[in-house]
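Working notes for the structure below.
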Amino acid sequence: MQVSSLNEVKIYSLSAGRSLPEWLSDRKKRALQKKDVDIRRRIELIQDFEMPTVSTKIKVSRDGQYIMAVGTYKPRIRCFDTYQLSQKFERCLDSEVVTFEILSDDYSKIVFLQCGRFVEFHSQHGHYYRTRIPKFGRDFSYHYPSCDLYFVGASSEVYRLNLEQGRFLNSLQTDASESNVCDINPVHFLFAMGTAEGRVECWDPRTRNRVGVLDCALSSVTADTEIEGLPSISALKFDGALNMAVGTSTGQVLLYDLRSSNPLIVKDHHYGLPIKSIQFQHQLDLIISADSRIIKMWNKDTGKIFTSMEPEYDINDVCLYPNSGMLMTANEAPKMNIYYIPVLGPAPKWCSFLDNLTEELEENPESTVYDDYKFVTRKDLENLGLAHLIGSSLLRAYMHGFFMDIRLYHKAKMMANPFAYEEYRREKIRQKIEETRAQRVQLKKLPKVNKELALKLIEEEGEEQQVTRKRKQENLPSLLKDDRFKVMFENPDFQVDEQSEEFRLLNPLVSKISEKRKRKLKILEELEAQEQEEEEEPEGKASDAESSESSDDEKGWVEEVRKQRKLLRQEEKVKRQERLKEDQQTLLKPQFFEIKEGEEFRSFKDSAKKQKLMKKTLGDRLKLEEKLGTLNVSDTTVGSKQATFKLKKSEQQKRQQEAEKQHRQERKTLRRSASHLRSKRGRGRLFH
């Protein structure tokens, strides 16, 4: 598998490497794989993915399971099953195929347009029917709503063959002498055809009338293009309901909006070769256009080049596997190329292992395609005295220069510059000087926050690096380069406060630890120097010195901590005295509070009670409300708990309720007295 990169876009060629002949035995194949590294490293994604001589067209079925290709010689079609990663069937034909179309979701319905004016239909079992059209055909399209096949070719007419009725219908009469390509919009089914005069005619299949004409030949001519003859239309492709891309025979690609007669953008391949294929990549808004020499991917909004590919052999057709980053080409060679571009999309489901493989290759980069070649400009060739090789097979033109064999380049450089060794020596010396400069402490690059801490870390790292070099150990990771501690040297909130109590108490300890580290490093250096000089010293001397030094360090550290504590106490006393003076100077002023309407002021005790309640936990507050009767907690049948609350009433609401109660009682007493009087009157009447 070869890897190439252009504009930082990696392209993996999965069909690179030599293919083994079919008549070799398995034993000989294994032996060749052991001997030859190229054969061992090659990837055979689909077994025998090739044609005997040349492949002309390649397509993928709508379900994505089958890849079909036609080629010569003899004329044939090969169908490859992606689920089995092998060939499913092969059928030979009577004449060469101009183009073909897959009508069904799988391989069960295929239509071939052949050179001898023949239209051949194949079903799942094989050949089904064969007919002829009046003139030689060059392209055709299938209209799904009416089941019509539209054929264009060396005639001014567009022939229509209805597959439901099984007969030819009235043809469409155009103004063109010949037509090269055609396509039907998948959204509104507008039929478009590209003519030899450089025009695109659009027809409505429902009314069989022409609805518009685009003069692409005139629009393709720009100030930079050099045209020898009238450009004809060689490729045509719809994108959605409104966009259409047109390719000319002079190497231009025009992107149109159907609502306008002027192109949105004109892209030139600069090779003067006819455009053979146009594909749309919707995820990155790219257009993939190809002529016989190069495949270009460019942005459809800006026209900026995304990447490009130049295969070894001429290109006949390009097929983009749907919803993936895989690209397949039919070439003027037996082997059909397969490219995988991870930026365009993931690998298809049937070869998902390619994603893991490419990730491993990115982690461990290996040699690319151009490692065996040297890129030189015209000026470099003149300096080497190889300008006379321009145009020969030893130089391959590429962009603004040429590729040449690295061995030839080294030989020419040795002859042109005999003092190359001196230049090499100077370059090595310069690299050594730069390495020593990089080891120095660069104060200019200190961070804005915690500069002293960063300087201290840099000094400690330098000392540790010297020790690790002598002992041949691995260097530990730097805190300054670690992303986890990056914010500590960028955010001012992490600034170390040297006036704080904690820092002043710990600072003596930190300083003593750094001094101990430096002394230990000096002792190690002295010991190593003594070993090199092979001088012996009495044992126990270093340990006594260390013990005495450590005891002195501890005494000094205790004294410094005591001094810092005394200073902190004195500062606290000064602050207290200043606060007392400020309190004495300030006079207490009366404060006024506003009471809301409808509320009575009792005392400040209520606010104090509320503050105490807010300080309590939620559980304590719930228990207190249960005692007061404002909360009722009960268990449910499911096992959960249900809490019901009673809202506290304000003083105004309580007064209203009391007034309503009194009013109700007065009305009850009045009713009782009235009923009592009525009963007395009734009794008196009875007695009378």
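Counting the residues of segment 286-323 that are in a loop (DSSP other than H, G, I, E, B) and surrounded by fewer than 19 Cβ atoms within 10 Å (Cβ to Cβ) gives 13. Scanning segment 58-101 for residues that are open to solvent by 60 Å² or more (accessible area, probe 1.4 Å) and in a loop (DSSP other than H, G, I, E, B), we see that the one that is nearest to Val181 (Cα to Cα) is Glu96.
Taking the criterion of being open to solvent by less than 20 Å² (accessible area, probe 1.4 Å) and hydrophobic (A, V, I, L, M, F, W, C), the residues of segment 185-202 that qualify are Phe191, Ala192, Met193, Val200, Cys202.
Taking each residue of segment 483-509 that is under 15 Å from Arg565 (Cα atoms) and surrounded by 13 or more Cβ atoms within 10 Å (Cβ to Cβ) and looking for partners that are modelled with pLDDT under 80 and of a type in the set (S, T, N, Q) with beta-carbon atoms closer than 8 Å, six or more apart or interchain, yields Arg504/Gln564; Leu505/Gln564; Asn507/Gln564; Pro508/Gln564.
For (1) part of a strand (DSSP E or B); (2) in contact (Cβ under 8 Å) with a residue 40 or more places away in the chain; (3) outside the structural domain of Arg132 (by the TED database), each residue gets a yes or a no:
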| site | (1), (2), (3) |
| --- | --- |
| Tyr150 | yes, yes, no |
| Val158 | yes, yes, no |
| Gly194 | yes, yes, no |
| Val200 | yes, yes, no |
| Ala217 | no, no, no |
| Ser234 | yes, yes, no |
| Ala241 | no, yes, no |
| Val246 | yes, yes, no |
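Do we find that Asn417 is among the polar types (S, T, N, Q) and either modelled with pLDDT of 85 or more or within 30 Å of Ser61 (Cα to Cα) (or both) in this structure? So Asn417 fails the test.
Scanning segment 295-350 for residues that are polar (S, T, N, Q) and under 23 Å from the mean Cα position of the chain (by Cα) turns up Asn299, Thr302, Thr307, Ser308, Asn323, Ser324.
The values are calculated or read from the model by the stated rules, or taken from the named source; none is laboratory data. Not measured: the values here are computed from a predicted model. Glycine also receives a Cβ, built like all others from the backbone with ideal geometry; neighbour counts cover every protein chain displayed. Side chains are part of the model used for accessible areas, which takes the heavy atoms of the whole protein and leaves out ligands, DNA and RNA. Shrake-Rupley method; radii C 1.70, N 1.55, O 1.52, S 1.80 Å.
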